[in-house]
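The values are calculated or read from the model by the stated rules, or taken from the named source; none is laboratory data. Just so it is clear, the structure is predicted and the values come from calculations on it, not from any experiment. Every residue, glycine as well, gets a Cβ built from its backbone with ideal geometry; the counts of neighbours run over all protein chains shown.
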Number of protein chains: 2
Amino acid sequence: MNINTNFNKLPDYYLFTEINNRKKTFEQAHPDARLIKLGVGDVTLPLPRTIVDAMHQAVEELAHIETFRGYGLEQGSRFLRHAVIDNDYKPLGINLDIDEVFISDGAGSDLGNLSELFSTNNRVAVLDPVYPAYIDTNVIAGRAGEWINGRWSEIEYLPCTAENNFVPPLPKSKPDIIYLCFPNNPTGTTLSRSQLQDWVNFAIQNHSIIIFDSAYEIFIQDPDVPHSIYEIWGADQCAIEVRSYSKTAGFTSVRCGYTIVPKATGLNQMWQRRQCTKYNGTSYISQRGAQATYTPQGKAGIMHNINYYKHNASLFLDSLRSMGYQVYGGVNSPYLWLRTPDNLDSWTFFDLLLNKCQILCAPGVGFGKCGEGYVRLSAFASHETTQEAINRIKQM
Amino acid sequence: MNINTNFNKLPDYYLFTEINNRKKTFEQAHPDARLIKLGVGDVTLPLPRTIVDAMHQAVEELAHIETFRGYGLEQGSRFLRHAVIDNDYKPLGINLDIDEVFISDGAGSDLGNLSELFSTNNRVAVLDPVYPAYIDTNVIAGRAGEWINGRWSEIEYLPCTAENNFVPPLPKSKPDIIYLCFPNNPTGTTLSRSQLQDWVNFAIQNHSIIIFDSAYEIFIQDPDVPHSIYEIWGADQCAIEVRSYSKTAGFTSVRCGYTIVPKATGLNQMWQRRQCTKYNGTSYISQRGAQATYTPQGKAGIMHNINYYKHNASLFLDSLRSMGYQVYGGVNSPYLWLRTPDNLDSWTFFDLLLNKCQILCAPGVGFGKCGEGYVRLSAFASHETTQEAINRIKQM
């Protein structure tokens with residue numbers, strides 16, 4: 001048997017493993033330190049009661065022969081696909097067919113697996129900094145070329161830095177697959193309608209497909225920031241939108257998300273076939289929980305939590321700026337993208353925050369070369385912990 | 001953008017879609033018929049109370065800030081991986097490291113995704129008849145060649161028929177990847193220890209990897225049938241074992257399974273990397289449910305259900321044989337593999353059962369050429385329905 005040798009190309013280095021290693025070393029040296037963890041983007045608030053009750057009910061259904069359920073549809077239950085269309089798209093003026101909605105166990109799986117729809121020789125473009133999984137999945141698929149000077153030879157990187165106001169330039173090559181993530185992870189920045197229209201126009205002209213990750217959509221508050229790429233004219237011909245209940249509803253352990261593959265992309269039937277071959281559907285319990293996020297109490301409950309995180313983000317933004325830091329994101333996103341002071345590199349500032357403030361962040365360079373000189377902070381801690389982190393940074 | 005053109009090779013025909021179409025046509029013509037559905041292999045009995053309670057508790061934990069959980073490990077929670085080792089492997093004398101166990105959302109995903117570990121030019125061997133997804137996932141990956149006369153040119157098919165007592169011959173080519181499923185779906189037959197040893201020896205000699213699907217392991221009752229391929233000497237060097245709670249514990253809607261990738265295969269780190277890149281872990285609620293299957297009450301509850309299905313299988317086997325049918329399986333499996341009378345082809349007998357008995361089965365030819373002249377019946381209905389089906393067949 002011959003292995004897929006592309007796996008050998010993946011660097012051993014993995015960002016969150018390295019963060020964890022430095023954390024462990026610190027904790028061993030300082031066993032009494034009260035570490036504030038703002039590195040990983042994971043939610044912390046409990047689920048609203050109405051969502052919990054919906055999952056209790058789903059669990060209980062499985063205990064009785066009259067209500068027991070076996071295999072669901074690979075594409076997801078119709079009740080949830082209807083709820084997605086009625087709540088997430090119709091109010092934006094977007095019409096979707098139920099067959100264009102595919103329920104998943106979270107954005108992570110779909111963002112990885114969508115790559116199977118495309119030829120190996122397709123060219124990929126990503127933003128820099130970027131969520132590493134977009135790249136790694138294409139390394140495994142053999143589209144990345146060679147790892148030279150910290151970049152993949154066959155991938156086009158589109159810089160997003162303070163210098164271009166975090167608006168990526170259109171690609172110079174004609175990439176076949178373009179990964180966009182807005183509100184962006186890690187920078188927390190967004191594109192306006194007209195900026196996103198430029199991307200859709202580019203994709204249509206160049207027959208590219210945009211894989212649009214909008215896991216952080218619920219944090220959008222600026223009226224000029226689109227909530228879905230399908231608000232943009234022509235996007236149904238060239239864009240796949242991937243969403244998740246992880247950040248929206250605190251489902252990082254529950255596992256549920258969905259992906260829109262419009263028929264006009266020509267890829268709908270292929271994705272349907274892929275899912276029916278390699279996926280046996282999403283947990284019924286998780287789908288009932290997701291459905292409950294659309295009830296009036298569910299919506300109120302999740303917005304209560306989102307507003308809690310937004311308050312943290314806003315507190316961070318104002319406080320850090322008043323201390324003289326250059327900070328981005330934090331408005332339509334739970335992430336703050338902090339420029340390191342004195343041109344320190346990301347890891348040096350990471351160590352400084354860890355040792356002087358006992359604060360764990362994510363070093364920007366871990367997301368790509370253009371992340372060098374930045375760190376990412378998350379707004380998912382409690383109000384008290386966020387305030388404590390601010391106080392510690394103030395005294396640094 | 002160029003698509004993965006391998007998708008175009010997949011035949012439009014899909015077994016269970018065709019079964020469903022014929023069912024619909026029949027129901028429209030006979031709206032009052034009481035149809036007995038023995039076609040799809042889906043469980044019907046409710047979950048044992050102790051498993052339901054464990055999932056209720058997991059759901060409730062997510063409602064409170066003190067017990068809320070976010071992302072779990074991509075490889076699965078340690079509590080469940082320990083339970084798998086202690087209950088499914090240690091009693092068989094098999095030692096596994098916790099890093100060799102990967103929790104999944106079910107066997108379907110892993111059986112599909114494991115193919116990514118291998119080079120595109122690897123050669124595949126499958127049994128015939130065979131569960132269609134093993135083949136389709138390799139068609140998508142580009143390993144199947146062309147569809148000629150109802151078979152893929154680059155896949156080696158190993159016939160399993162009454163003529164060879166459903167013991168597949170060793171491959172003539174040197175396949176790199178061999179899919180085995182025992183207790184077998186669809187035939188319900190098994191291999192003895194010494195028969196499976198022949199396969200492991202073959203794999204070691206030829207540097208092949210065996211992907212061993214043992215989703216129906218819990219139905220094994222013959223003492224000479226191994227419960228895991230790792231009972232066989234050398235299998236840790238050449239076999240990946242894929243298991244599921246779907247049939248074991250009635251989890252077809254809950255979604256949980258696991259895959260063993262021994263370090264001695266050389267593939268463990270690759271699978272770990274694949275999962276960390278393209279999978280964000282299995283639902284915490286499902287994992288707590290799976291853990292509860294290993295408690296004394298959990299084990300008793302699931303064996304109660306399994307014995308219920310076994311009773312059906314045994315009733316079917318005895319009754320059909322006493323009517324003069326040639327029937328296989330049904331002892332270590334919930335499936336019965338019935339030779340059609342009078343050399344009828346599978347679909348003709350399917351239509352006969354549907355029209356004369358209002359019974360829905362799965363036509364054997366849908367699983368491969370060597371399934372021609374057989375149909376599959378499942379033992380997942382109620383005792384009463386099973387008895388009713390037998391009565392109807394008797395009167396046919």
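Things worth noting here:
- Some residue of the range A:14-35 being under 24 Å from the mean Cα position of the chain (by Cα) and exposed (fewer than 13 other Cβ atoms within 10 Å of the Cβ): yes
- Count - residues of the range A:17-47 that are touching a residue at least 40 places away in the same chain (Cβ under 8 Å), farther than 21 Å from B:Ser286 by Cβ and of a type outside the set (Ser, Thr, Tyr): 16
- Enumeration of residues in the range A:137-160 that are in contact (Cβ under 8 Å) with a residue 40 or more places away in the chain and either among the polar types (S, T, N, Q) or buried (at least 21 other Cβ atoms within 10 Å of the Cβ) (or both): A:Val139, A:Ile140, A:Ala144, A:Cys160
- Of the candidates A:Phe212, A:Phe219, the single residue that is crowded, with 24+ Cβ neighbours inside 10 Å, within 29 Å of B:Ala63 (Cβ to Cβ) and in the same structural domain as A:Glu100 (by TED's automatic domain parsing) is A:Phe219.
- Qualifying residue in the range A:57-65 (condition: assigned to a loop (DSSP other than H, G, I, E, B), aliphatic (A, V, I, L, M) and either buried (at least 21 other Cβ atoms within 10 Å of the Cβ) or at positive phi (or both)): yes
- Qualifying position, being more than 8 Å from every other protein chain (Cβ to nearest Cβ), at pLDDT 95 or above and closer than 26 Å to A:Gln275 by Cα, among B:Ile98, B:Ile103: B:Ile103
- Subset of the range A:275-326 [in a helix (DSSP H, G or I) and at the interface with chain B (Cβ under 10 Å from one of its Cβ atoms)]: A:Gln275, A:Cys276, A:Thr277, A:Lys278, A:Tyr284, A:Ile285, A:Ser286, A:Gln287, A:Gly289
- Index of the failed condition, B:Gly266 passing every other in (1) touching a residue at least 12 places away in the same chain (Cβ under 8 Å); (2) over 15 Å from B:Pro46 (Cα atoms); (3) in contact with a strand residue (DSSP E or B) (Cβ under 8 Å, 6 or more places away or on another chain): (1)
- Odd one out for A:Asp342, checked against (1) crowded, with 19+ Cβ neighbours inside 10 Å; (2) on the phi > 0 side of the Ramachandran plot; (3) without any contact (Cβ under 8 Å) to a residue 24 or more places away in the chain: (1)
Residue by residue, here is whether (1) among the aromatic types (Phe, Trp, Tyr); (2) within 25 Å of the chain's Cα centre (by Cα) holds:
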| position | (1), (2) |
| --- | --- |
| B:Val327 | no, yes |
| B:Phe350 | yes, yes |
| B:Leu353 | no, yes |
| B:Leu360 | no, yes |
| B:Cys370 | no, yes |
| B:Tyr374 | yes, yes |
| B:Ser378 | no, yes |
| B:Glu388 | no, no |
| B:Arg392 | no, no |
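- Filtered residues of the range A:354-396 (kept if within 18 Å of A:Leu127 (Cβ to Cβ) and not in a helix (DSSP H, G or I)): A:Ala362, A:Pro363, A:Gly368, A:Glu372, A:Gly373, A:Tyr374, A:Val375, A:Arg376
- Hey, A:Ile178 crowded, with 20+ Cβ neighbours inside 10 Å, touching a residue at least 12 places away in the same chain (Cβ under 8 Å) and outside any helix (DSSP H, G or I) or not: yes
- Members of the range A:30-74 found to be under 17 Å from B:Asp42 (Cβ atoms) and more than 7 Å from every other protein chain (Cβ to nearest Cβ), listed by number: A:Glu61, A:Glu66, A:Thr67, A:Leu73, A:Glu74
- Exactly one residue out of A:Lys369, A:Lys394 is surrounded by fewer than 16 Cβ atoms within 10 Å (Cβ to Cβ) and closer than 20 Å to A:Cys160 by Cα: that is A:Lys369.
- Residue within the range A:80-95 that is within 12 Å of chain B (Cβ to nearest Cβ) and in a loop (DSSP other than H, G, I, E, B) present: no
- Per-region count, the range B:240-293, residues hydrophobic (A, V, I, L, M, F, W, C) and farther than 21 Å from A:Arg288 by Cβ: 9
- For the range B:230-243, filtered to residues that are touching a residue at least 40 places away in the same chain (Cβ under 8 Å) and under 19 Å from the mean Cα position of the chain (by Cα), the residue that is surrounded by the most Cβ atoms within 10 Å (Cβ to Cβ) is B:Arg243.
- Annotation: of all residues in the range B:244-274 being buried (at least 23 other Cβ atoms within 10 Å of the Cβ) and at positive phi, the one that is farthest from the other protein chains (Cβ to nearest Cβ) is B:Gly250.
- Positions within the range A:327-353 being under 15 Å from A:Thr386 (Cα atoms) and part of a loop (DSSP other than H, G, I, E, B), in sequence order: A:Gly330, A:Pro334
- Identity of the residue in the range B:291-325, among the hydrophobic types (A, V, I, L, M, F, W, C) and closer than 30 Å to B:Pro341 by Cα, that ends up surrounded by the fewest Cβ atoms within 10 Å (Cβ to Cβ): B:Met323
- The lone exception for A:Phe118 - which of (1) more than 27 Å from B:Tyr245 (Cβ to Cβ); (2) within 14 Å of another protein chain (Cβ to nearest Cβ); (3) touching a helix residue (DSSP H, G or I) at 6+ places or on another chain (Cβ under 8 Å); (4) among the hydrophobic types (A, V, I, L, M, F, W, C) it fails: (3)
- Any hit, the range B:361-379, residues being in contact with an Asp or Glu (Cβ under 9 Å, 6 or more places away or on another chain) and more than 26 Å from B:Gly108 (Cα to Cα): yes
- Leading residue by the ranking (farthest from the other protein chains (Cβ to nearest Cβ)) among those in the range A:131-172 that are closer than 22 Å to A:Ile3 by Cβ and out of contact with any helix residue (DSSP H, G or I) (no Cβ under 7 Å at 6 or more places or on another chain): A:Ser153
Conditions tested, residue by residue: (1) part of a helix (DSSP H, G or I); (2) within 14 Å of chain B (Cβ to nearest Cβ); (3) at pLDDT 95 or above; (4) touching a strand residue (DSSP E or B) at 6+ places or on another chain (Cβ under 7 Å).
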residue: A:Leu191; (1), (2), (3), (4): no, no, yes, no
residue: A:Ser194; (1), (2), (3), (4): yes, no, yes, no
residue: A:Ala203; (1), (2), (3), (4): yes, yes, yes, yes
residue: A:Phe212; (1), (2), (3), (4): no, no, yes, yes
residue: A:Asp224; (1), (2), (3), (4): no, no, yes, no
residue: A:Val242; (1), (2), (3), (4): no, yes, yes, yes
